[in-house]
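The block underneath contains the structure these notes are about, expressed in structure tokens.
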Amino acid sequence: MDSSAFVRYLTDHAPILFLTLGRDGSIFRMNRYAARFLGGESAFRYFQDILVNFNDSFDMAEAVDSEDALLLSIASTDGDLQSFYFHFLTQDDCPGTDVLAFGHTDAEDFSLMQGEIVNLNQQLSNMTRDLQKKNAKLEMAMEQVRQLQGIIPICMHCHKIRNDQEIWEQLEAYLYEHTDAQLSHGICPDCMEKYYTED
């Protein structure tokens with residue numbers, strides 16, 4: 001999945017708490033779900049401060065090193081207490097964002113989010129494939145336009161065209177070779193009068 005699409009999903013739509021933290025637990029950013037649950041003023045506080053039971057004993061270094069989800073209780077803006085399973089990931093390759101914290105209420109919610117991510121990834125793949133097809137068609141059209149640009153040397157009497165090999169060829173042959181146009185033959189009124197009227 002495209003990383004920017006994934007981050008947009010986590011930021012705007014994911015039904016989880018998604019926080020960007022410093023190594024000391026300071027909250028830099030949060031997604032919309034977290035802002036609704038915790039209140040926007042929770043940004044720039046410490047993660048430990050939003051915990052209900054473990055704020056004194058919480059250790060960010062231990063949380064980051066833990067491979068298991070940590071069950072932590074947090075109070076909402078309404079004062080409702082809710083427990084979340086938190087996963088903490090380091091983000092060493094992104095300066096200024098040391099730790100990403102993901103909090104979900106249960107395994108079912110997390111599976112739902114994973115399903116939505118798979119769905120989003122499929123949609124993104126389909127859109128990318130369609131875009132590649134359209135780009136290929138556009139490239140072909142541009143190549144045809146390039147072939148027909150510039151000055152085309154044409155005989156003023158017989159209307160043959162001089163090609164790149166300096167050979168004079170019929171107009172029909174030139175158009176057939178350089179375009180997708182289908183040609184049909186007919187007789188214009190002037191030629192009809194000139195060649196086919198009886199005197």
Whichever lysines have a C-alpha closer than 22 Å to that of K160, once near sequence neighbours (fewer than 8 apart) are set aside: K194
Taking only Cα atoms of the stretch 119-199, radius of gyration then Dmax in Å: 21.5, 78
Karplus 3J(HN,Hα) series, Hz, for the stretch 129-145 with 6.51 cos²θ - 1.76 cosθ + 1.60 (x for Gly, Pro): 4, 4, 5, 5, 5, 5, 5, 5, 5, 5, 4, 4, 5, 5, 5, 5, 5
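A short reminder: the numbers here are calculations on the coordinates, not readings from a lab. Source: prediction; values computed, not measured.
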